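Step one of this worksheet: look at the structure below.
The values are calculated or read from the model by the stated rules, or taken from the named source; none is laboratory data. Note that the structure is a prediction, hence the values are computed from the model and not measured. Virtual Cβ from ideal backbone geometry, glycine too; neighbours counted across all protein chains shown.
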Amino acid sequence: MSNPLIKTLKAANFMAGKASTEAEIKRHRKLADWAGGLATPKGDVERKRFRLGKIRCEEFRPYFAHNPGYVILYCHGGGYVSGGLGYAGNLSMKLATATGFTVYSFAYRLAPEHPYPAAAEDADIVWNYLTENVVSADHVILAGDSAGGNMALCLTQRLIAEGKPAPRLLLLFSPWTDMTGTAESYETNRDIDPILSKEFVMNSARAYMGDGDPADAAFSPLFGSFENFPPVYIMAGRNGILLDDSIKLRERIIQAGGTAELDIEEKGWHVYQQMPGTMAREAMKRLAAQVSFEIYGKC
């Protein structure tokens, strides 16, 4: 990846700076929805917004090649401090068109105004709605990027710990699995990840956790249990600062006897699938093939 491209992406990106003041967070949120709307592709998908109590949600239903038997619940990223339906529309649309499944996204409460466990509680509400009213848990694919990947992992660990049915499959884009900030990729990829900075990540973690322990599995699912975990498909960019979070996640799942596939794009960065272009399109094709294998190939 060329230096001019890195500089351009860093200049335009809302997660490459700080998130330590009210003004900075407000800027991040505004740019997140703007960037999400700008990058969201057009497609033969019907979009409908609805509410579950105070939680704003959106449904993406493909017009063609639609399989109503499965749905995807997508948890958006943004460090738990930014992002919403506008930001979530990008990957929601891509997931719907790639798989043919209806995708649901939701605008969970954000830190620091609403620290943990507010976002987790909102995820539980949406999960319960889908599994009680739309499809059974084993027909839900749980997806998430960055902090949304963290949310998806934590939700699955809670369900299993409580003896409840887990999702059929997890699809994770550059998931944030470890809030301790000790991974080597923070330093090795510091200057080549145009999307994310360690400063943003750690400020966001503190806003979300408050006085919590970053090594607690409620914040860092990497340190939680992966016993009886559903299959996981992880996509990451070689240049992303959270690369090690993905590598270690796969190792932990395999050690626990589970199934985890790790797809590393050699030229990619943090959640590169959000960007337009060939690299992102090819990634979604690989994801669609993996979903088809998991859902139909093992029948």
Given (1) modelled with pLDDT of 95 or more; (2) part of a helix (DSSP H, G or I); (3) surrounded by 19 or more Cβ atoms within 10 Å (Cβ to Cβ), where does Asp124 come up short, assuming only one miss?
(3)
A careful count of residues in the range 280-299 that are of a type in the set (A, V, I, L, M, F, W, C) and touching a helix residue (DSSP H, G or I) at 6+ places or on another chain (Cβ under 8 Å) gives 6
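Does Leu110 qualify as being hydrophobic (A, V, I, L, M, F, W, C), more than 30 Å from Asp44 (Cα to Cα) and out of contact with any Lys or Arg (no Cβ under 9 Å at 6 or more places or on another chain)? I'd like the intermediate steps shown before the answer.
Working: hydrophobic (A, V, I, L, M, F, W, C): yes; more than 30 Å from Asp44 (Cα to Cα): yes; out of contact with any Lys or Arg (no Cβ under 9 Å at 6 or more places or on another chain): no.
Considered against the rule, which asks whether it is hydrophobic (A, V, I, L, M, F, W, C), more than 30 Å from Asp44 (Cα to Cα) and out of contact with any Lys or Arg (no Cβ under 9 Å at 6 or more places or on another chain), Leu110 comes out as no.
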Restricting the search to the range 50-91, which residues are of a type in the set (S, T, N, Q) and without any contact (Cβ under 8 Å) to a residue 40 or more places away in the chain?
Asn67
Cβ-Cβ distance below 9 Å, separation of 6 or more or different chains: which pairs start in the range 152-167 with a residue that is under 12 Å from Asp124 (Cβ atoms) and end on one that is part of a loop (DSSP other than H, G, I, E, B) and charged (D, E, K, R)?
Arg158/Lys164
When restricted to Leu130, Leu155, Leu142, Leu159, the only residue touching a Ser or Thr at 6+ places or on another chain (Cβ under 8 Å), of a type outside the set (S, T, N, Q), buried (at least 19 other Cβ atoms within 10 Å of the Cβ) and over 19 Å from Lys248 (Cβ atoms) is Leu142
Residue count for the range 179-189, restricted to those that are in contact with a Lys or Arg (Cβ under 7 Å, 6 or more places away or on another chain) and in a loop (DSSP other than H, G, I, E, B):
1
Cβ pairs under 7 Å, 6+ apart or interchain, first in the range 219-237 and modelled with pLDDT of 95 or more, second basic (Lys, Arg) and not in a helix (DSSP H, G or I), ordered by first then second residue, are Pro230/Arg168
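Condition check ((1) surrounded by fewer than 16 Cβ atoms within 10 Å (Cβ to Cβ); (2) out of contact with any strand residue (DSSP E or B) (no Cβ under 7 Å at 6 or more places or on another chain); (3) of a type in the set (Lys, Arg); (4) part of a loop (DSSP other than H, G, I, E, B)) across all residues:
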residue: Ala217; (1), (2), (3), (4): no, yes, no, yes
residue: Ala236; (1), (2), (3), (4): no, no, no, no
residue: Ser246; (1), (2), (3), (4): no, no, no, no
residue: Arg250; (1), (2), (3), (4): no, no, yes, no
residue: Pro276; (1), (2), (3), (4): yes, yes, no, yes
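Can you pull out the strands (runs of 3 or more DSSP E) entirely within the range 21-109 that have at least 1 residues that are over 24 Å from Ala205 (Cα atoms) and of a type in the set (Lys, Arg)?
Numbers: elements: 45-52, 55-62, 71-75, 102-107.
It comes to 45-52, 55-62.
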Which members of the range 243-289 meet the condition of being under 22 Å from Asn228 (Cα atoms) and more than 17 Å from the chain's Cα centre (by Cα)?
Glu251, Arg252, Ile253, Ile254, Gln255, Ala256, Gly257, Gly258, Thr259
From the residues in the range 255-274 that are of a type in the set (A, V, I, L, M, F, W, C) and in a strand (DSSP E or B), which one is surrounded by the fewest Cβ atoms within 10 Å (Cβ to Cβ)?
Ile264
May I ask you to verify whether Val232 is touching a Ser or Thr at 6+ places or on another chain (Cβ under 8 Å) and either at positive phi or of a type in the set (S, T, N, Q) (or both)?
no
Note down all Cβ pairs under 6 Å where the first residue falls in the range 22-35 and is surrounded by 16 or more Cβ atoms within 10 Å (Cβ to Cβ), the second is assigned to a helix (DSSP H, G or I) and modelled with pLDDT of 75 or more, and they're at least six residues apart or on different chains.
Ala32/Tyr87; Asp33/Gly86; Asp33/Tyr87
